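See structure below.
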Amino acid sequence: MQVNLNALCVRPVLKSEEPRYRELMQQHHYLGDLSKIGHTLWYVATYAGEWSALLSFSASAWKCGVRDRWIGWDFRHQFDRLNLIANNSRFLILPEWHYPNLGSKVLSLCHQRIAGDWQTHFGQPLLLLETFVDPSRFHGTVYRAANWTCLGLTRGFRRTREGYSVNAPSPKLFFILPLQCDARAQISSPILNPIYRTGAPRIMLTAQQMRTLPDFFNDIPDPRRAEGRRHRLCVVLGIAAGATLCGMRGYKAIAEWAKDLGPKARERFGCRRIEKRYIVPSESIIRDVLVRVDPVKLDLALQQWNVAFGEEDQSLAIDGKTMCNAIDGQGQKTHIMSVVGHETALCITQKKSAHCL
C-alpha cells in the first residue's frame, strides 16, 4: 500500500478510546503500558481513519545530567521550571504501519500541536520536549530525522522507591526538541518571563537547608500528648515546610512529597529510623500537627528561616509603583521602588521618593 504522508493526522486520544490505546501499548511496546498519571497526553496518529502510531507525553525527568548541563540552569530554578518540559515517554508505530518516514512525520505533527494542547489541558506553557532511547534496542534514527538533537548518554541510574538505583546498568541516549527558538535561553534565564510562570514560586531545597529547617521549630511547644508520638514535632513541621517551599499544597500533597523523599533526604530531616529504614510522618500525623500547633509561633519560626536564607537569592527583581492619591506638599506623586529576592520572594529593601525615576 502506498502511504501519502500528507494525509496523516495526529490528535489526542478520546476518553472512550483509552482502553484500546492501553491494550495496543501493552501488546506491542517493549516497555508495556504506562499509567496516565499527572500531566499526561496520549496521541494517536491516523491514516484514512486507521490507527498507525501511538504516543505519550508526560512530566519531564526530575534529574538528567546531560539535559541540565545543556540548559545551564541553576538547580534552585530547576524544580520550578520542570513543568516547561514534557517527556515523550512512549512512541509506538503499530506493526502493520512501518513505512519510510512515517515515524518522523508523526513526531513532526506532534511538534506542531503539543504546546497548544498542553496549554488547553493543563493551563501551562511548554518550551521543550525530551525523550530517552535505549541504545541496546534503537539508535534514535526516527528522532534525528524529525530534527531532535541527541545530547549524549545518560549515566544510567534510575529512580526507585529508595531514591536512585545503586548501579547504572542501562545508560540511555537523550534527545531534546525546543518548541521555540529561544527555549533554552528562556528556561535558563535568572528571572523567568512572567508568561511562563504558573502558580506559586517553588524552590529546590539544598542538603544544608534540609538539615537546618527542623532546627527552626525546636522551640515550638508540642500540642500532642506524650504517649504515642512517633515523630518529633520539629521533623513534622520541617517536612511540611519543606514540601510547601517546593510547591506542594494541601495535606495529601505534603504527605506524598514526604513519601518520595530518598533515604538521604529523610536522614537530613531527622526522620526516625526503624529496621534500617527512615520513616516519614503520614498524612494524618501531618494534618493533626498543623491543625493543633500554635500558628503565631509557627509563623515566627518560618520568618526566622526566611531571614536566615534570604541572602541566598541569586537574582533580584526591581519594581516601582506610583502610590494612588499620594501627593506631597509640592504636588508631586509619591513613588516606591522595591527590590525583591526572586527565589525567596522577600522584599530586600524599599525606597520612597517624590520624584519620577
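The values are calculated or read from the model by the stated rules, or taken from the named source; none is laboratory data. These numbers were taken from a predicted model, which means no experiment stands behind them. Counting neighbours? That spans all protein chains shown, and the Cβs are built from the backbone with ideal geometry, glycine included.
Sort through 255, 265, 207 and tell me the only one that's touching an Asp or Glu at 6+ places or on another chain (Cβ under 7 Å) and hydrophobic (A, V, I, L, M, F, W, C).
Working: 265 fails: touching an Asp or Glu at 6+ places or on another chain (Cβ under 7 Å); 207 fails: touching an Asp or Glu at 6+ places or on another chain (Cβ under 7 Å).
None of the other options fit; the residue is 255.
Of all residues in segment 8-50, which are in contact with a Phe, Trp or Tyr (Cβ under 6 Å, 6 or more places away or on another chain) and loosely packed, with under 11 Cβ neighbours inside 10 Å?
Of everything in segment 8-50, nothing turns out to be in contact with a Phe, Trp or Tyr (Cβ under 6 Å, 6 or more places away or on another chain) and loosely packed, with under 11 Cβ neighbours inside 10 Å.
Within segment 25-39, restricting attention to residues that are among the aliphatic types (A, V, I, L, M) and under 11 Å from residue 90 (Cβ atoms), which residue is modelled with the lowest pLDDT?
Within segment 25-39, the subset among the aliphatic types (A, V, I, L, M) is 25, 31, 34, 37.
Filter again for under 11 Å from residue 90 (Cβ atoms), leaving 25, 31, 34.
Details: 25: 96, 31: 92, 34: 83.
Within segment 25-39, the match that is modelled with the lowest pLDDT is 34.
Suppose we filter 60, 35, 16 for residues that are outside the structural domain of residue 248 (by TED's automatic domain parsing), hydroxyl-bearing (Ser, Thr, Tyr) and within 15 Å of the chain's Cα centre (by Cα); which single one remains?
Details: 35 fails: within 15 Å of the chain's Cα centre (by Cα); 16 fails: within 15 Å of the chain's Cα centre (by Cα).
Every option except 60 fails the conditions.
Examine segment 194-214 for a residue that is over 23 Å from residue 77 (Cβ atoms) and in contact (Cβ under 8 Å) with a residue 24 or more places away in the chain, and state whether such a residue exists.
Of all residues in segment 194-214, those over 23 Å from residue 77 (Cβ atoms) come to 214.
Right, trim to in contact (Cβ under 8 Å) with a residue 24 or more places away in the chain and you get 214.
Within segment 194-214, one or more residues are over 23 Å from residue 77 (Cβ atoms) and in contact (Cβ under 8 Å) with a residue 24 or more places away in the chain.
Quick test of your reading of the structure: residue 115 fulfils all but one of (1) farther than 20 Å from residue 177 by Cα; (2) within 17 Å of the chain's Cα centre (by Cα). Name the failing condition by number.
In the conditions (1) farther than 20 Å from residue 177 by Cα; (2) within 17 Å of the chain's Cα centre (by Cα), residue 115 misses (1) alone.
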